[in-house]
Amino acid sequence: MCFQRRRAFTVVELVVTVCLVALIGTVVMRLFSSVGTTQQNLSHQATLQMESRRAFDHLVDQIRMGTDIVRPATGETLPYMVFKDVINRMTILYLEPNNDRASVLGQRVYKLVAYQNDYKGGYQADNEKILLDSIRQLRFTSLSPTSVQVNATVVNEKGEYQFLAHVGLMNLGGIE
Amino acid sequence: MSRKFATRGMVLPLSLLATLAVLGLVTTLGGLNQGLRTQIYRTNNHQLSFLIAYSAFSRVCAKVHAFSWANRPFLTEPYTETKIPLQGGHYDLLVENTAGKDYQADVYIRTHLAGISRMYFWRIRFNDDLLDVSNNIIVELYATPDVEDFPTINGPRKIAGQVEEMLAQRAANQKKSDVLAAELMKSVNTKSVIEKMGARVPEDFQQEFPVSVTEEMMEARVAVAPPDIQAPLAAEKPTAPGPSSSYIGIGYDSISGNQINELSEKLTAASEKLVEATDKAWTEIDQNGVDGIPAATEQWEIAAEAKQETYETLDSLIDESKTGIAEAPSIEAREAIEEMVAQTVVSSMNDITTAIERGYEHLVTGEGSYLEGLTTSAAVESLLNDWKAAEERTQADLDRLTEMAGDIQGYSMTSEVSQKLTDTLASAQESLEKIQDAVAEAEARLAELKELEAMAAAEQAAASADVAETEAAEEAAAVSAAAEEATATVEGEME
């Protein structure tokens, strides 16, 4: 009868095994963590881009309905824009400091405000719309009496998105 | 066997974990990517739909150009196109004449792209001008109504009906918007613009944040106040006082001469002031009668000064124009100077006659009542003297205007200006005749009153003589009675 003694793990084997398990565990944990971060980043960027595009569409549609650009004058670049629409209401697009977002992002961030003056006198809260709530810079350049170039940079926690558009007014002649 | 199993036991869970992690990542990214793509797709389609509609609209414009307005495809009935493929989508089109408007058309375009329909509307006006072919079609109105508003041949035209309402609103807001726009054009900083717009003026940041260089530059930038350009309507009229400095540069102009421009502006200002002051004076008289004379006198004095300045400037302008004409580098330049000066001179001459006419309007309506209201020859004589002085002034004005007309007689001028000159002189002559007639009537009235006064004086003298005679007779009778009484007394004493 042969009694074969069962061999146990050596200390070295145990140490190596523990190290390997720890290493693999760390890698796996990091992988999950990375997936989470990547997902969050992508989510923020996607949201930023989506909101920017939606706001951009809205902005372009508004300007396109205009009949006359009041400010900026041709050749002028300004951080705001004033234009008349087909029934001669006056709309201004301008920036308002957004303190909440600025505190979060640690930089100067603005809201893009659209206000329409319909000559009822005084400030009318219903005539104000916030088109974007975290915009870093905005420029309007009037390239001709009937077109304007819009350049804006939208920001959030994970990045920024810039758009540039040349918008032509569609109501050129006015109605008679 | 057991060793192999132990090895497999390590690999399988690890592989499963790794696979799960990768799958999770791929799924998450895929979902996000899909969401983003959908958004981009939608926003792109939004813009692309507009481009499809704009392309269709451009094709309509091209057709109008190709066929001419008289032979336009929608001359007798609406022109339609259905499901025309373009840019991955398709569009429906209906074009028709605008009801009740000549040279106008309504263009309805409905686009279909990626399962979403959108509707666009243009009202266009055709400018039938062969000299301005690049501006033949003018967009009167652009709108994005609901898709349901796309009309059928005989169906309702909802958006076209709304245009009238827009027209009324536009007209109501026109003046207010022009005034506000003019104020905004003068504003040089964002805050004042926002205040004038009636919007909420934003407060500054509550904390200090770093300012980028471009932002700093933009904040420090002061908006340029554009030049205050006057409305061009006056300059386009045939009798307008010629171009102002808004149209001709401030620098020396070798063709028209800078001095001519300055004098033209000065002349226009003076002649307009003359008309304005005269009108104010007579309005004062019309409204307040005799009580308005002090205020009217002030205006007449202003008018007299303005008239004097107008004449002096007219003389200077004519002299200056002769120099400019002599030095003109070409026939065209000479004609340009002549036309401009003639136009300005005639306009100012017209202002002078307008001011004279304004004063004599009362002679037509009130001359009789003036004279009839005056009952003494002294009052009529005073009025007559004033009118004679006015007649002399008017005669002097007519002579001076005739002289000026002679000065510019040989100048090149448009038929409208030439006609205006003739009308101006005729108007001055008419005014002179009016005052001459008035003077003649005043003289007649004076003679009449003098005759009446003489008769009245004679009657009064006769009446005075009768009274004296009666008084003398009474006095003689009294004396006689006293004498008789004295005689009787003496006779009694003697007895």
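With the dipole of the protein assembly as shown worked out from charges on the C-beta (+1 for Lys and Arg, -1 for Asp and Glu) around the Cα centre, which of B:Ala440, B:Val345, B:Thr214 lies farthest toward the positive end? Going by the charge dipole, the pick is B:Thr214. Full extension of the chain between B:Glu416 and B:Glu471 yields a length gain of 11.7 nm, computed as 0.36 nm times the residue separation minus the alpha carbon distance. Considering only A:Glu157, A:Glu128, A:Glu13, the Gaussian network model of chain A with Cα springs below 10 Å gives its largest mean-square fluctuation to A:Glu13.
Here the Karplus curve 6.51 cos²θ - 1.76 cosθ + 1.60, taken at θ = phi - 60°, turns the phi angles of the stretch B:63-68 into couplings of 5, 4, 4, 5, 8, 6 Hz, with x standing for Gly and Pro. For B:Asn127, the amide hydrogen comes within under 5 Å of the amide hydrogens of B:Ile137, B:Ile138, counting only partners 5 or more places away or on other chains and with H modelled in the peptide plane.
Fewest-first ordering of B:Ile260, A:Ile87 by other beta carbons within 10 Å of each residue's beta carbon gives A:Ile87, B:Ile260.
Quick check: the angle from helix A:11-64's long axis to the longest principal axis of chain A, C-alpha only, nearest 10 degrees? In chain A, helix A:11-64 runs at an angle near 10 degrees to the longest axis.
Would you mind giving the average projected area, over all directions, of the Cα convex hull of the stretch B:68-180 in nm² with one decimal?
Working: hull surface 38.0 nm².
With every direction weighted equally, the projected area is 9.5 nm².
In this structure, the amide hydrogen of A:Gly66, modeled 1.01 Å from its nitrogen in the peptide plane, lies closer than 5 angstrom to those of A:Met170, A:Asn171, counting only residues at least 5 positions away or on a different chain. A Förster radius of 60 Å, combined with the Cβ-Cβ distance separating B:Ala21 from B:Arg59, puts the computed FRET efficiency at roughly 0.65. The modelled label-to-label distance for the pair A:Glu157/B:Val201, using points 7 Å beyond Cα in the direction of Cβ, is 3.6 nm.
Report the residues of the stretch B:370-384 in range of a label on B:Ala457: point 7 Å along Cα→C-beta, backbone N strictly under 16 Å from it. Of the residues in the stretch B:370-384, B:376-381 have backbone N under 16 Å from the label point off B:Ala457.
At the listed q of 0.15, 0.20 Å⁻¹, the Debye profile of the stretch B:16-114, built from one uniform point per Cα, gives log10 I(q)/I(0) equal to -0.70, -0.96. Couplings 3J(HN,Hα) for the stretch B:392-407, derived from phi with the Karplus relation 6.51 cos²θ - 1.76 cosθ + 1.60 (θ = phi - 60°), are 5, 5, 5, 4, 4, 4, 4, 4, 5, 5, 5, 4, 5, 4, x, 4 Hz, where x marks Gly and Pro. Dipole orientation for the protein assembly as shown: of the candidates A:Ser147, B:Val417, B:Thr111, B:Thr111 has the Cα lying most toward the positive pole (charges on Cβ; Lys, Arg +1; Asp, Glu -1).
Given the -39500 (n - 2.57) contribution per DSSP H run of 4+ residues, what per-residue ellipticity at 222 nm results for chain A, rounded to the nearest 500 deg cm²/dmol? Please list the in-between numbers first.
On the way: 2 runs with 61 residues, N = 176.
Mean residue ellipticity, 222 nm, calculated: -12500 deg cm²/dmol.
Using a Förster distance of 41 angstrom, determine the FRET efficiency expected from the C-beta separation of B:Val11 and A:Asn41, and round it to 0.05. Please report the intermediate quantities before stating the final value.
Details: r = 32 Å, r/R0 = 0.78.
Plugging the Cβ-Cβ distance into 1/(1 + (r/R0)^6) gives 0.80.
What's the exposure ranking of B:Ile318, B:Ile194, B:Ile293, going from fewest to most Cβ atoms within 10 Å? Don't skip to the answer; put the middle values down first.
Working: B:Ile318 18, B:Ile194 21, B:Ile293 14.
So the residues, fewest neighbours to most, are B:Ile293, B:Ile318, B:Ile194.
Inter-label distance, B:Asn71 to B:Glu433: 5.6 nm, where each label sits 7 Å from its Cα along the C-beta direction.
Remark: spin-label model distance B:Glu484-B:Asp315 equals 8.9 nm, labels positioned 7 Å along the Cα→Cβ axis. The HN-Hα couplings worked out from phi for the stretch B:34-51 by the Karplus form 6.51 cos²θ - 1.76 cosθ + 1.60 (θ = phi - 60°) are 5, x, 5, 4, 4, 5, 4, 4, 5, 5, 4, 5, 4, 6, 5, 4, 4, 5 Hz, whole numbers, x standing for Gly and Pro.
By other beta-carbon atoms within 10 Å, ranking A:Asp85, B:Asp204, B:Asp437, B:Asp149 with the fewest at the front produces B:Asp204, B:Asp437, B:Asp149, A:Asp85.
With semi-axes defined as the square roots of five times the eigenvalues of the C-alpha gyration tensor, the equivalent ellipsoid of the stretch A:34-168 measures 29, 17, 13 Å, largest first.
Note: the protein assembly as shown, Cα convex hull, 387 Å³ per residue.
Note down the magnitude of the dipole of the protein assembly as shown about its Cα centre, charges +1 on Lys and Arg C-beta and -1 on Asp and Glu C-beta and zero elsewhere, to the nearest 20 debye.
Values: 57 positive and 98 negative charges, 2652 e Å.
Once rounded to the nearest 20, the dipole reads 12740 debye.
Once the Kirkwood radius over Cα pairs is known for the stretch A:1-98, the Stokes-Einstein relation at 37 °C and 0.692 mPa s delivers a diffusion coefficient of 163 µm²/s. Close amide H contacts of A:Val154 (hydrogens built in the peptide plane, cut-off under 5 Å, sequence separation of 5 or more or a different chain): A:Arg136, A:Tyr161, A:Gln162, A:Phe163. Seen from B:Ala463, the other residues with C-beta closer than 15 Å to its C-beta sum to a net charge of -4, counting Lys and Arg as +1 and Asp and Glu as -1. Rg then Dmax, both in Å and based on the Cα atoms of the stretch B:114-212: 21.5, 65.
Given a Förster distance of 41 Å, report the FRET efficiency between B:Ile116 and A:Leu20 from their Cβ-Cβ distance, rounded to the nearest 0.05. It comes out at approximately 0.15.
Give me the dipole magnitude in Debye, nearest 20, for the stretch A:34-168 about the Cα centre, with unit charges on the beta carbon: positive for Lys and Arg, negative for Asp and Glu.
Value, rounded to 20: 160 debye.
All of the numbers you see were taken from the coordinates with simple rules; none came from a lab. Since this is a predicted model, take the numbers as computed values, not measurements. Note that each Cβ is placed from the backbone with ideal geometry, even for glycine, and that neighbours are counted across all protein chains shown.
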